[in-house]
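Everything on this sheet refers to the single structure shown next.
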Amino acid sequence: MKIGNIELPKGAILAPMAGYTEPGFRAVCSYSGAVMTVTEMISAKGLMYNGEKTLELLHVSSLEKLCAVQIFGSDPDIMAEAVKTDYLKKFPIIDINMGCPVHKVVKVNEGSALMNDINLACKIVSSVKLAANDRPVTVKFRLGWDEDNKNFIEFGKRMQDSGADAITLHSRTRMQFYSGNADIRAWKQLKNAVNIPVIASGDIKDKKGFDEACKVVDGVMIGRGALGRPQIFGEILDKDNVLSPMQAVRMHLGELKKCLDDRTVAVNFRKHAGYYIKGINGAREIKVLVNQAQSVDEVLDILSKILD
Ligand SMILES: Cc1cc2nc3c(=O)[nH]c(=O)nc-3n(C[C@H](O)[C@H](O)[C@H](O)COP(=O)(O)O)c2cc1C
């Protein structure tokens, strides 16, 4: 797949997940075989008015091969200005979030609310495209607002006409949030309607799902399927140098320590820890201990007892 002038090898992309796809997790997914990563969603307004606070979200690990930044907002000028800041200069691809279903985001016309205002969505894409200079711009969206308003085909075409270099479809409606099954037929319908690359997102969590999606679209994103299992990116490519769970945890924590202080890393890692030990005997007790840990060494000590 080629996004603008950037060629991606075969493999899956790590989907952006707010609160989860921090540099440590992105690093271990990249090392495992993710061909691209995306930051957590960054508020364009937040960046413009409180840039220093957002910096933590913008750290990129040296293990990441290609990291796109995802921005969200509803003001085309502010979004364009954000893209021009020094903060975002290092990102080779700009992704725009038009799929976030969260109430506090959609109530101010951001995220998936933009699917109900196609003209504004188009203005955002063309402004960001201009501001990005020659960097590719991509858009991630959903099927539409709800079951009766699935406008993803028209939306995708308009994104293309406004300058998007690739589009990602999370094939659920806004009203579905993350429930129900992703509609895998929609990827093919969208692919047939546009000439730019289409990336599929939703419920892809193993080699079979990856191979099936690759038959109909240009690129594939894996989100929840990678939580606690970054090795999935190697497994789908039949790589045999897959990290052990404890190696993955060590790498994850080690990379995160490069941008956050030790205690913050230990605290932030709590939500990931539960995924790394999911399904293992004694996981519940271990999780309680991890939640009390105040340092990375403590976390490693606790997890190594169950994972090593
Ligand atoms: C906790 C969580 C946070 C998410 N945050 C974002 C986000 O910041 N930006 C975005 O475009 N999508 C976000 N998503 C959606 C995912 O990128 C993806 O499209 C969705 O989870 C479906 O793919 P999956 O079944 O592989 O997880 C989020 C999903 C989850 C579960």
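Rule-based calculations on the coordinates, nothing more; no lab input. Keep in mind the model is a prediction, meaning the values are calculated, not measured. Note that we place each Cβ from the backbone using ideal geometry, even for glycine, and neighbour counts take in every protein chain shown.
In table form, for the structure just shown:
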item	result
Cross-link table K129/K258; K45/K107; K90/K278; K84/K191; K2/K140, entries beyond 25 Å C-alpha to C-alpha	K129/K258; K90/K278; K84/K191
Taking the chain and dividing mean pair separation by its residue count, relative contact order in percent (alpha carbons under 8 Å, at least six apart)	16 percent
D117-D148 FRET efficiency (beta carbon distance; Förster radius 22 Å; 0.05 resolution)	0.80
For F269, residues with placed amide H under 5 Å, excluding near neighbours	none
Per-residue ³J(HN,Hα) for the range 259-273, Karplus 6.51 cos²θ - 1.76 cosθ + 1.60, θ = phi - 60°, Hz, x for Gly and Pro	10, 10, 6, 3, 5, 4, 4, 4, 5, 5, 6, 3, 5, 7, 3
Most mobile of F177, F152, F91 in a GNM of the chain (Cα contacts under 10 Å)	F177
Unit charges on C-beta of K, R, D, E only; dipole of the chain, Debye	380 debye
Surrounding net charge for T173, when Lys and Arg each add one and Asp and Glu each subtract one, Cβ distance under 11 Å	0
Ranked list, fewest to most other Cβ atoms within 10 Å of each Cβ, for T54, T39	T54, T39
Long-range amide H partners of I93 with built H, under 5 Å	V69
Distance from the range 152-226 to the range 229-308 (C-alpha centre basis), Å	30 Å
Hz values of 3J(HN,Hα) by residue in the range 284-299 - Karplus curve (6.51, -1.76, 1.60), Gly and Pro given as x	4, 5, 5, 4, 4, 5, 4, 5, 9, 5, 10, 9, 5, 4, 4, 4
Angle between the chain longest axis and helix 152-161 axis [Cα atoms, degrees, rounded to 10]	70 degrees
Helix 23-32 vs. the chain, principal-axis angle (Cα, 0 to 90°, nearest 10)	90 degrees
Pair Y178, S244: separation of 7 Å Cα→Cβ label points (nm)	3.0 nm
222 nm mean residue ellipticity, helices alone, for the chain (DSSP H n ≥ 4; -39,500 (n - 2.57); rounded to 500)	-12000 deg cm²/dmol
Spacing of the two label points (7 Å from each Cα toward its C-beta) at N192 and L237, in nm	3.2 nm
C-alpha long axis of helix 184-193 to longest principal axis of the chain, angle in °	40 degrees
